[in-house]
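Structure record follows, encoded as structure tokens.
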Amino acid sequence: MTKPKKPTKWHAFDEAKTKAWNDAQRPNVVFFPEFNSGTSGPTAMPGMVSCLGSNFSSPVVSSNGLTVGGEMVLVRTEGTLTKAYQYMVATSTDGSLHCSGPYKDSPVHHVHPGQQVVPEDFFGHTPASKSKAP
């Protein structure tokens, strides 16, 4: 028996994170928004050390009217283990940014010392990116 699908929950970016995301965006490459650990929302996770972003070549319109334009990965450390959490990033009709996640169904959710990964390995593991697969 399969579990019923949970509705996607979206978290609004505050002004500072929206500006950091928009300022960092680069087409066709992984970019690094300057997010500080926050006091609420996804960036409040303990041990957060980095944020990576990537845009889709063509956005995906979600059922609630948000346009998913890319993914964000928050990376944190826990002892010697590095953990990567994937999020979808979407724009609402008023231009505000939102994220949904974390998604952890990825072969690079846990990165062990000495394991070789490139930034691109962290992307392509959210429902929106999977819906774009051929």
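Taken together, the values in this text are just the output of simple stated rules run on the coordinates, not laboratory data. All of these numbers come straight from a predicted model, not from anything done at the bench. Because the Cβ atoms are built from the backbone with ideal geometry, glycine has one as well, and the counts that use them run over all protein chains shown.
Summary of computed values
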{"item": "Least to most buried among 81, 52 (fewest other Cβ within 10 Å first)", "result": "81, 52"}
{"item": "Loop-resident sites, segment 22-130, for GluC sites (Glu not before Pro), counting at most 15 other Cβ within 10 Å (DSSP)", "result": "34"}
{"item": "Net charge of Cβ neighbours under 15 Å - reference residue 31; Lys, Arg +1; Asp, Glu -1", "result": "-1"}
